[in-house]
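The values are calculated or read from the model by the stated rules, or taken from the named source; none is laboratory data. Here the structure is a predicted model, which is why all the values come from computation and not from measurement. Glycine also receives a Cβ, built like all others from the backbone with ideal geometry; neighbour counts cover every protein chain displayed. The area values use the complete protein model at the heavy-atom level, side chains included, leaving out ligands, DNA and RNA. Shrake-Rupley method; radii C 1.70, N 1.55, O 1.52, S 1.80 Å.
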Amino acid sequence: MSNPEVKKQLKFSSGARYRIGVKGFLDDSWSERFSDMRISNQTDGIISPLAVLEGSVMDQTELIGVLNNLYEMHLPLVSVTFLDD
């Protein structure tokens, strides 16, 4: 997060875009459970299969909800990346 403008705007209660990677496979039909994040699956990387969720959350509470859903599904977390719009 090197952009000073982003540092000023990013707050606990503000919305943001994230990319989340987990080891496993997720069908597109699960998108609603994960705050309507777009789901894609990769099978050609070091970690395979890798499900990637990408989208916006309203605040950190919603982000934690997405992460808790992944935890409850026993999908190992690979990465969480803030996407600078």
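In deg cm²/dmol, rounded to 500, what helix-only [θ] at 222 nm does the chain give when every DSSP H run of at least 4 residues adds -39500 (n - 2.57) and the total is split over its residues? All intermediate terms of the calculation are to be shown ahead of the outcome.
Numbers: 2 runs with 19 residues, N = 85.
Per the formula, -6500 deg cm²/dmol.
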* Asked: When the accessible area of the chain is computed with all protein chains present and a 1.4 Å probe, what percentage of it is carbon and sulfur?
  -> 52 percent
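Within the stretch 22-62, list the chymotrypsin sites (Phe, Trp or Tyr not before Pro) lying in a DSSP loop whose Cβ has at most 16 other Cβ atoms in a 10 Å radius.
Numbers: sites: Phe25, Trp30, Phe34; in loops: Phe25.
Taking the stretch 22-62 and a limit of 16 other Cβ atoms within 10 Å, the loop chymotrypsin sites (Phe, Trp or Tyr not before Pro) found are Phe25.
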* Hey, what D do you get for the chain in µm²/s if you plug the Kirkwood alpha-carbon radius into Stokes-Einstein at 20 °C and 1.002 mPa s? -> 160 µm²/s
* Relative contact order, percent, the stretch 34-85 [alpha-carbon distance under 8 Å, six or more residues apart] -> 29 percent
* Asked: Cα axis of helix 60-72 to longest principal axis of the chain: angle in degrees, 0 to 90, nearest 10?
  -> 10 degrees
* Asked: Spin-label point model (7 Å from Cα, Cβ direction): what's the Thr43 to Arg17 distance in nm?
  -> 2.8 nm
* Structure fact -> When the chain is treated as a Gaussian network with springs between alpha carbons less than 10 Å apart, the largest mean-square fluctuation among Gly45, Gly21, Gly55 is found at Gly45
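Accessible area per residue, 1.4 Å probe, Å², for the chain: what's the number?
Numbers: 5590 Å² over 85 residues.
Averaged over the residues of the chain, the accessible area is 66 Å².
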